[in-house]
Amino acid sequence: MRKQGERRGRRILICTFLALSSGFFGAYTSGQITIMLHSQKCQNQPWGFKEMCNAWMTPGAIWQGSTTGLWTGTILGAFVGGLVTRQIRN
């Protein structure tokens, strides 16, 4: 009986690790992509206005992209973790 509990605990640990690590990776990656997309809106401005536009756009872009990436990465990571650690029953 103890072996089954140890396996279950290990499975939970693996799923949690995969979910969190893919969530943080997704947050970082999505935040960077969203910053690049939002900064393209400022490309046609003169130098001073371009810097102000980038400073105005960056916090919102980071928040939007990171939040989306965190949710998506965590859900996908948990799904993959469940697939990797599932038990095959005969």
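Odds and ends about this structure:
- Within the accessible area of the chain (1.4 Å probe), percent carbon and sulfur: 68 percent
- Rg to Rh, two decimals, where the chain supplies the alpha carbon set and Rh follows Kirkwood: 1.31
- The residues of the chain present an accessible area of 81 Å² per residue when probed at 1.4 Å with all protein chains retained.
- Residue among Gly77, Gly48, Gly26 with the largest mean-square fluctuation in a Gaussian network model of the chain, springs linking Cα atoms under 10 Å: Gly48
The values are calculated or read from the model by the stated rules, or taken from the named source; none is laboratory data. Here the structure is a predicted model, which means the values were calculated and not measured. To get the accessible areas, we keep the full protein, side chains included, count just its heavy atoms, and leave off ligands, DNA and RNA. Shrake-Rupley method; radii C 1.70, N 1.55, O 1.52, S 1.80 Å.
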